[in-house]
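Chemist: Quick one: the structure is below, questions incoming.
The values are calculated or read from the model by the stated rules, or taken from the named source; none is laboratory data. These numbers were taken from a predicted model, which means no experiment stands behind them. FYI the Cβ positions are ideal-geometry reconstructions off the backbone, even for glycines, and counts take in every protein chain you see.
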Amino acid sequence: VSQPGPLMVNGFDGSGLSGLPAETQQLIARREAALGGAYRLFYERPVEFVRGSGVYLYDPDGVAYLDAYNNVPSVGHSHPRVTEAVSRQLATLNTHTRYLTDGVVGYAERLLATHTTGPAHAMFTCTGSEANDLALRIARSCTGRTGVIVTENAYHGVTAAVAELSPSLGANVPLGVHVRTVPAPAPGSDFAAGVAAAIEDLRRHGLGLSAFLADSLFSSDGVLPDPAGFLTPVADLVHAAGGLYIADEVQSGFGRTGSRMWGYQRHAGLTPDIVTMGKPMGNGLPIAAMIARQSVLEEFGRTARYFNTFGGNPVCVAAAAAVLDVIADEGLQANSLETGGYLKGEITRLAADSPVLAGVRGAGLYLGVDVVSAGTGEPSAGLAAAIVNGMRDRHVLISATGPRGHVLKVRPPLPFARPHADQFLEALSAVLATCYSGRGLLAFRC
Ligand SMILES: Cc1ncc(COP(=O)(O)O)c(C=O)c1O
């Protein structure tokens, strides 16, 4: 087994294979034989799971792993209310959006009411990629132009059209000729100036701006949420150039940032023209969505036809409705703010005593922690990987992100509470102590 690890941060490269139980090695071999080669497993020593509950995943021996990584099972793994809603609906009716069903209309009304875009309409897809793909078609139809601006290490999905505007897929996946990348927001840099230059470049090449598309938390660029408000002048620039602002909320939506339901709402005065959503929307069922302001969608709605076979089907809508119920009834957005704030504060304290942890950023339960080499202070993907694998060996799941792969990515399901945060912090302290002591680096493998 040998996989090209550098193509994905925290990707399994085969090096830890011999340390795995024989059954796991056999499953990996069968997987290699059966699945396409572009798939990647996580970790030096991949993990198999057979069950999930709340914020824990369980391996075949019943060992519990604390999930501090997965945002799709956002209201908790196997949440009984989601399971019940889906099972009931599946046993009753599962059709599509060409028949009248009450569920999809009621859900669209509820979803739209959570947004602050002004009057808008919803359209349902199965994945975030499809939602972005549709958003792009609508933006081009509405503006009559093709240029798109994204950040330098953005990820927006897997369709041919959105892979062309996902530079984080790597140099082997070409960007479209209509795509311009801008440096990700960084302290002290002028993000809006980069966007202004890209708008001008698109104009000079005769393409013009159709849309600026950004993940409201800049997850794949290294988790860059601050300072709240910095996206508002960017939206103004985009609008002044006749383009549309598309907020990709696939990562940052559904209460994840704690203070607001949607990441873009952290930026006062920012009114996106289109918002795309996915991942946590159905707690694991394939449902995603795009909402667009009425005026933006008008022309597309009149001139095009859209049918997504599984998009917005009653079973997935039942899951999505249950997710909204659970977020409200269990106070998960407030928990994200509270526990996320606590976790950020405690990791910041750990970082103050550790020469290998630098900046700690985040909003709610979405944190990024820079890992640097103790001697030089330079970003260290190797050390970040060692910490990620060290946490995995202590049964805590995280990963890494960012263009240089040196940012720890901490993004647990939203019921992650203070005791879980304490369990996480204990593991992180132990890992840091193993890989670094006051006298220096002990091992690159923590
Ligand atoms: C910001 C962002 N947009 C879009 C997508 C694509 O979503 P999906 O995998 O559901 O197609 C992702 C997936 O990771 C994402 O992180």
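Chemist: Output the qualifying pairs, or none if there are none: Cβ atoms under 7 angstrom, residues six or more apart or on different chains, first residue in region 117-132 and farther than 17 Å from Thr309 by Cβ, second residue of a type in the set (A, V, I, L, M, F, W, C) and more than 16 Å from the ligand (Cβ to nearest atom).
Modeler: Ala120/Leu112; Ala120/Ala292; His121/Ala292; His121/Leu297; Ala122/Ala108; Ala122/Leu111; Ala122/Leu112
Chemist: Does Ala247 count as touching a Phe, Trp or Tyr at 6+ places or on another chain (Cβ under 6 Å) and within 15 Å of the ligand (Cβ to nearest atom)? Let's see the steps before the verdict.
Modeler: On the way: touching a Phe, Trp or Tyr at 6+ places or on another chain (Cβ under 6 Å): yes; within 15 Å of the ligand (Cβ to nearest atom): yes.
It is true that Ala247 is touching a Phe, Trp or Tyr at 6+ places or on another chain (Cβ under 6 Å) and within 15 Å of the ligand (Cβ to nearest atom).
Chemist: Now for a different question. Cβ contacts < 7 Å: first residue without any contact (Cβ under 8 Å) to a residue 12 or more places away in the chain, restricted to region 145-163; second residue more than 8 Å from the ligand (Cβ to nearest atom) and hydrophobic (A, V, I, L, M, F, W, C), any location; separation 6+ or different chain. Result?
Modeler: Listed by first residue and then by second, the contacts come to Ala163/Leu169; Ala163/Val173.
Chemist: Given the conditions (1) away from the ligand (no atom under 16 Å from the Cβ); (2) surrounded by 24 or more Cβ atoms within 10 Å (Cβ to Cβ); (3) in a helix (DSSP H, G or I); (4) not aromatic (Phe, Trp, Tyr), and given that Pro280 satisfies all but one, which numbered condition is not satisfied?
Modeler: (1)
Chemist: Output the residue which, of all residues in region 77-102 that are part of a helix (DSSP H, G or I) and free of Cβ contacts under 8 Å to residues at least 40 places away in the same chain, is nearest to Leu66 (Cα to Cα).
Modeler: For region 77-102, the residue satisfying everything is Pro80.
Chemist: Any residue at all in region 302-311 that's within 15 Å of the ligand (Cβ to nearest atom) and of a type outside the set (S, T, N, Q)?
Modeler: Yes.
Chemist: Would you mention how many residues in region 289-312 are among the charged types (D, E, K, R), more than 16 Å from Leu136 (Cβ to Cβ) and assigned to a helix (DSSP H, G or I)?
Modeler: 2
Chemist: Could you tell me whether Gly341 is closer than 20 Å to Ser216 by Cβ and more than 16 Å from the ligand (Cβ to nearest atom)?
Modeler: yes
Chemist: Filtering region 48-76 down to residues that are among the aromatic types (Phe, Trp, Tyr) and part of a strand (DSSP E or B), which residue is farthest from Ala29 (Cα to Cα)?
Modeler: Of region 48-76, the ones among the aromatic types (Phe, Trp, Tyr) are 49, 56, 58, 65, 69.
Filter again for part of a strand (DSSP E or B), leaving 56, 58, 65.
Numbers: Tyr56: 26, Tyr58: 22, Tyr65: 24 Å.
Looking at the filtered set, the residue picked out is Tyr56.
Chemist: Then there's this: Which of the following residues is at pLDDT 95 or above, surrounded by fewer than 20 Cβ atoms within 10 Å (Cβ to Cβ) and either over 18 Å from the mean Cα position of the chain (by Cα) or within 13 Å of the ligand (Cβ to nearest atom) (or both): Gly242, Gly253?
Modeler: Step by step, each of Gly242, Gly253 is checked, and only Gly242 is at pLDDT 95 or above, surrounded by fewer than 20 Cβ atoms within 10 Å (Cβ to Cβ) and either over 18 Å from the mean Cα position of the chain (by Cα) or within 13 Å of the ligand (Cβ to nearest atom) (or both).
Chemist: Filtering region 222-248 down to residues that are in contact (Cβ under 8 Å) with a residue 60 or more places away in the chain and out of contact with any helix residue (DSSP H, G or I) (no Cβ under 8 Å at 6 or more places or on another chain), which residue is nearest to Arg266 (Cα to Cα)?
Modeler: Asp226
Chemist: Right, here's the next one. Restricting to region 105-122, count the residues that are aliphatic (A, V, I, L, M) and within 13 Å of Met281 (Cβ to Cβ).
Modeler: Going through region 105-122 one residue at a time, the tally reaches 3.
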